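What follows draws every value from the coordinates through simple rules; no lab data is involved. As the structure is a prediction and not an experimental result, all values here were calculated from the model. Cβ placement follows ideal geometry from the backbone for every residue including glycine, while neighbour counts extend to all protein chains displayed.
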Amino acid sequence: MLAPRFLRPESSDEAVELLRSFEGAAKVVAGSTAMTIMLRQGLIEPDALIYVGGLPGLREIHEEDSRLRVGALCTHREVELSAEVRAVLPILAYTFGTVANVRVRNAATVGGVVAEADYASDPPAVLLGLGADVITTSPSGERRRPLLSFYRSFYETELDFDELIVAIDVPIPPSGTYAVYEKYVSRASEDRPCVGVFASAQFYGGLFHNVRIAIGAASETPQHVPAIDRAGDESDLRASVIGEIAEAYAEQTDTLDDMRGSSWYRKEMIRVWVRRALERVREDAYASPSPSRSSSIPDEMPRRDQ
Amino acid sequence: MESGGREASTWREGRSGMIDSYERVTGRVPFATNVEVQGMLHAVLLRSQIAHGRITRIDVSRAKEVPGVHTILTGADIVVRGAFKARFGPVFRDQPILAIDKVRFVGEPVVAVAAEDRDIAVTALALIDVEYEELPAVFTPEEAMANGAPILHEERPELGATFADILINRSGDPNTCNTFKVRRGDIESGFAQSDHIFEDVFTSPSVQHVPLETHCCIASVERSRIVITTGTQIPYMVRGQIAEIFGLPASAVQVIAPPLGGAYGSKCYPSIEPIAAALSYFSGRPVRLQNARDEEFVTITKHGVKIYMKTGVRSDGRILARKVLALFNTGAYADIGPRLIKNGGYGTNGPVSIPHVWIDSHAVYTNVTPAGAFRGYGISQAAWAYDSQIDMIAHRLEMDPYELRMKNLLVDGEPFCTGELMHDVHFRELLTTARDRIGWDWSAAPERVGQKVRAKGMSCIIKSTVTPSTSTASVKLNDDGSLHILTSSIELGQGVHTLLVNLASDQLQIPVGRISVARVDTDVTPYDQQTSSSRSSWSMGHALTAAISDVKEQLLSRAAELSDEEASQLEIRNGHVSVIGAPEQGLSYQEVVRRTRAGNIVGRGFSQTQGGLDPESGQGVASVHWHQAAGAAEVEVDLETGHVKVVKYHAGVYAGRVVNQVHGELQTEGNLAMGLGQALWEELLYDNGQLQNGSLADYMIASFDDMPDEVDLNILESGRPDAELHGIGETSLPAVMPAIANAVFRATGVRITDLPLTAEKVLRGLKALEAEGGAKNGDLTTPDGASTDGQKHVVGSVT
Amino acid sequence: MEGEVGTNVVGEALEVSFVLNGRATTVRARTHHTLVDVLRDQEHLYGVREGCGVGMCGACTVLVDGEPQSGCLILAVSAEGREITTVEGLEDASGELSDIQDAFVRHTAFQCSYCTSGFLLATKRLLEEIPDASPHEVKTYLAGNLCRCGSYMKILAAVTDLLERRRTVALAPTKEDA
């Protein structure tokens, strides 16, 4: 049926009960940016849409115990412009600010982009690189999972049909951490990335620690391989170290082919952009050895005066 | 009495950029998509999902049961009932309204459903089953022309009434629907006299126009009367085709043509109109049909083309001979391909003087979306070949590419390859200004900063305008002195209605606020051949001027009735009719019309150009005058990613005389935006005939952020007050792609001969250069592109 | 299940109420209908136009609670209680053009103008958010609105002009100052 039922639960509990009652035939919708397209193109034919857009308690951003919790219903634009996020995790604000256009960012939610598992989205790789957890609720109770084990393949996650994402929970990197996100767009400016590379490292005692890389848009799911990153730990991130890490990601990523680049090209781009990302981390660290809080602020942070 | 200068300003007051600016900024432009007709049904189409196949079964029984479904129609229904003609097309009547027996491309309309609302129609559509027996398919001209290739149209398509300039030559293989030839001089002796011969192959991909407003029409068919409101560039073509299909006199068919939300050539010839009309015929209700965006991508495209170009050059750089084989992929139905290959054929001569020319240009049927008119009309593809090649030749001869072009550019009095002598030619001025404004210095090395390198490139192109052609216009001077313009030129954003109002205002000295343009309606507004080919300013401008002269004559003779003077003693001055030499005693137009009880004064204008080419040799007159442009680009290439950014662009175009400066700039900047996309990333990607990127999430068009930081324009005028108007709607577009590619070559040594210059292609070229280990800058080719360099290096062959 | 007003072969239709250009409005929408669908089909606001259907082109831009969004991606049923502004809401009550529209007219910042409504609405919010926007910020903010005719340079000129005029007005001495 073209028009599924449209149900408006008044609480998360009611929402997940509804999800359970439809046994997988219902879809959760909030910002509706992706869901509307899938519905209208006939890619999904749910019996019902469970609208969670107005649910209370899912739109807060708060910092506690060196972790930042971002409610699932926060829009991309809210994360992008949030003073709190900009203060403690500017790289997250920056990344959400690079997604699509202002209109989509005003509607698309954090929970939505995490759950959709679209390989060409920017935030999943960055959240993965930051070590975020996904917090969900279901009739069986609340659950926390690391994003590292959340993505299965194209548009497929570990999420059960009666599970609702309520927040993402991101550890705030220790002070002296420098983070960058390099979004490489191969065609027009409004295109989605050909590859996106997140890189971060903590800098003290003249050496880099806790190096973390994540690659988005290049393969079915975002890639983060701690074993590769360890090559950068306790190093000065000299060219040879960076090259080794870049090469390893290029080799190990099972890159895909699409109109934004062939599998070969994506491997090349991983090599280039992992290197460039780590070089920027190194340069930022050398340029201002003690950042105020956790990471360098990207050059092009969008503004909002009102 | 006021001075001439003051006089001139009075009727010019209150002119803004566009006569309907208010509607344009308040959402009130009456696009076809807004039209609602009482009782109308909504239609949707089931389209073929295979590239080539025989339809073995269509089952609509379940769909018919859906409440609210009114009419379900197949090609077989149309044939069996035999109520009207089942096929149409602007040249060959080869396109079925709905597929008959066979489907020939993915996306071909197979079944049409009309229902009370669109949702019901969509619901019913999902219940229709179609079975096919798949047939072998061909996707490129080479495949289609190969021995044993499947034949797309087993029966020779009917040739119908068409345009005067079209030449038909069906001597080619069965899938070649038309061939155009140029034979000038003695090609073999031309090559024999040449010191160097260069053979290169250039390809341009199929792309899509992407008008933001998709095709939309509302058809209402009654027994002896048809009314169609449709977004079209050529309402008289729609009228002719619909009248022919239904066997009605043209006077029984009314086509109403609102302003367009973009077209760029995509809305020239009927596509969905016959379907809506057929549904209306069978349902007895008005029917609305609009393409969804993905359907727009399978309705009409720009021709993908492969051009083999062999050019003979004397050691001093003078071009002596050129032989060309151009293969235009015209898709499953001919549309206007048979005419476009003519323009794209002689167009491969380029803006240069060549004594010996041999051109074969073919329109070839394949199993992809029909290709038709696209801004640039075959010239983009031709210019991509000849301007890339002249740049390559300059490099091979170690000459400054600016100097090589200058040495060969056509000047007034020289013949084009069609034999006609050039006049009002300004290529050298355009190219020299381009050189100066971009800051061209052949001896300068590319500028390198880190992993990025910058360099410049230029181009120069020639484009024809449809010849012979005809425009007519009427004007109505009302009894209050206000004026109506009746024209069938379509306003598609180019500002043609504004231009006509300004011309009328100048000629009758009436303020623009007192001039209206009637809605284009074939029942009311007189014939215009087409709103395309950058011809409206010229052709309709002439027709309007003639209509106004007619009004002026009538005004004078009417005014003579009111005075003691002969008409010959009267003149039109400052919006009045007055005795020559006594302007202070004039009669207003209002007084003349009212006091003579004329009711109104209707003027009629006619404009026709002469020309045409010999079908065997391509000799004759191809264009009443020639459109001319030069381009110059500065690019920045990321050597590690291959990504190209155009940082500066100079567009030079010859306008003859500028009637509206802002519109001239808008069109030229628009050509740049469209050319950037085609240079760098736009292409329709097919996999076995299935379009892979038929959505704006996958098919990118240029945004604000893609525009160069610096854009510089040179809209060149002749300086003569009576200079011819040269349309510039398309002229600067074909120059963009080669200018950018030539700059990328200067920056990197990578010569790409197959558009677009994707980052990946550039990077592959860079890697190949690297692998050659210090090969001389520019001597390499891209692995996936056609081979380029090396004298007498034969890849494909035109011989 | 509030608001159900009928089901047919297509599915159910719901009543949805929102404030449209300052006026309380109720429409009937099926679940898959977007704001573009209901604003055009039921409210006859033809300044809202579908271009791509996937949120890329911005021809359907509307302001939702003052923020630009893609009308083609908003399920109409989810617009309950929102404030929606379309291009038809930009003029003041007397039909005077807003300064934004006036600037677009003065610079002829359009050709076919199918995209113009979207640009005007995005510009409205841009001016509020970044009153001192640089040309770079203008381009980046508006990059999500596509103009296939390529009128970008004139749009930039219009917005730059607007920014200057608004700044001049803001800095002009008031009567009290004088």
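Quick notes
- Cross-link table B:LYS85/B:LYS342; B:LYS181/B:LYS463; B:LYS463/C:LYS139, entries beyond 21 Å C-alpha to C-alpha: B:LYS85/B:LYS342; B:LYS463/C:LYS139
- Spatially proximal aspartates and glutamates relative to C:LYS154 (Cα-Cα < 12 Å; intrachain offsets below 8 disregarded): B:GLU665, B:GLU669
- Working from label points 7 Å from Cα in the Cα-to-Cβ sense, the B:LYS64 to A:MET38 distance is 3.7 nm.
- The stretch A:19-112: chymotrypsin sites (Phe, Trp or Tyr not before Pro) falling in loop per DSSP and having at most 11 other Cβ within 10 Å: none
- Chain B: relative contact order as a whole-number percent, Cα under 8 Å and 6+ apart: 15
- Radius 14 Å from Cβ of B:GLU730, net charge of other residues (Lys, Arg +1; Asp, Glu -1): +3
- Modelled FRET efficiency - R0 22 Å, A:HIS62 with A:SER175, Cβ distances, 0.05 increments: 0.65
- Cα gyration tensor shape of the stretch C:4-86, rounded if a/c is under 1.5, else prolate or oblate by comparing a/b with b/c: oblate
- Overall form of the stretch B:619-680: prolate. Here a/c, set by the Cα gyration tensor axes a ≥ b ≥ c, is 1.5 or more, and a/b is the larger of a/b and b/c.
- For the listed residue pairs B:LYS306/B:LYS767; A:LYS183/B:LYS452; B:LYS267/B:LYS456; A:LYS267/B:LYS648; B:LYS648/B:LYS761, the alpha carbons are over 29 angstrom apart in B:LYS267/B:LYS456; A:LYS267/B:LYS648.
- Percent of C-alpha pairs per 10 Å bin in the stretch C:99-171, short distances first: 21, 60, 17, 1.
- Descending Cα extents along the principal axes, the stretch A:61-171, whole Å: 35, 32, 22
- Cleavage-rule hits, trypsin sites (Lys or Arg not before Pro), the stretch A:172-272, DSSP coil, Cβ neighbours within 10 Å at most 16: A:ARG238
- Under a model in which nothing but the beta-carbon of Lys, Arg (+1) and Asp, Glu (-1) is charged, the protein assembly as shown shows a dipole of about 2220 debye around its Cα centre.
- Inter-part distance, the stretch B:290-309 to the stretch A:84-155, computed on C-alpha centroids, equals 37 Å.
- Potential lengthening of the chain between B:ALA445 and B:GLN193 amounts to 87.3 nm, from the contour at 0.36 nm per residue minus the alpha-carbon distance.
- Quick note on the protein assembly as shown: its Rg to Rh ratio, both from C-alpha atoms and Rh being the Kirkwood radius, is 0.97.
- Counted over the stretch A:5-51 with a bin width of 5 Å, the fraction of Cα pairs per bin, in whole percents, is 5, 23, 32, 23, 13, 3, 0.
- Normalising the Debye intensity of the stretch B:92-155 to I(0), with uniform scatterers on Cα atoms only, and taking log10 at q = 0.29 Å⁻¹ returns -1.36.
- Amide proton proximity set for A:VAL29, modelled H, under 5 Å, gap of 5+: A:ILE50, A:TYR51, A:VAL52
- A simple spin-label model places pseudo-atoms 7 Å from Cα toward Cβ; at A:ASP13 and B:ASP436 they are separated by 8.1 nm.
- Computed from point charges on the beta carbon alone (+1 for Lys and Arg, -1 for Asp and Glu), the dipole magnitude for chain B about its Cα centre is near 820 Debye.
- Under the criterion of Cα pairs below 8 Å and six or more residues apart, the relative contact order for the stretch C:99-171 equals 50 percent.
- Summed side-chain charge close to C:GLY53 - residues other than C:GLY53 whose Cβ falls under 10 Å, Lys, Arg +1, Asp, Glu -1: 0
- Just so you know, the averaged projected area of the alpha carbon convex hull for the stretch B:239-385 sits at 11.5 nm².
- Between the stretch B:734-777 and the stretch B:179-196, the alpha-carbon center distance in angstrom: 30
- Per principal axis, descending, Cα span of chain B in whole Å: 89, 74, 51
- Counting charges near B:VAL352 (Lys, Arg +1; Asp, Glu -1) among other residues having Cβ under 12 Å from its Cβ returns a value of +3.
- Calculated log₁₀ intensity ratio I(q)/I(0) where the Debye formula runs over C-alpha points of the stretch A:177-287, q = 0.12, 0.15, 0.16, 0.23 Å⁻¹: -0.37, -0.57, -0.64, -1.18
- ³J(HN,Hα) computed for each position of the stretch B:62-74 - Karplus, 6.51 cos²θ - 1.76 cosθ + 1.60, integer Hz, glycine/proline x: 5, 5, 4, 6, 5, x, x, 7, 9, 9, 10, 10, 10
- Normalised contact order of the stretch C:17-159, rounded percent, pairs of Cα under 8 Å and 6 or more residues apart: 26
- For the stretch C:1-72 and the stretch B:428-503, distance of Cα centres in Å: 40
- In this simple spin-label approximation, C:THR26 and B:GLU134 carry label points 7 Å from Cα along the Cα→Cβ vector, and these lie 5.4 nm apart.
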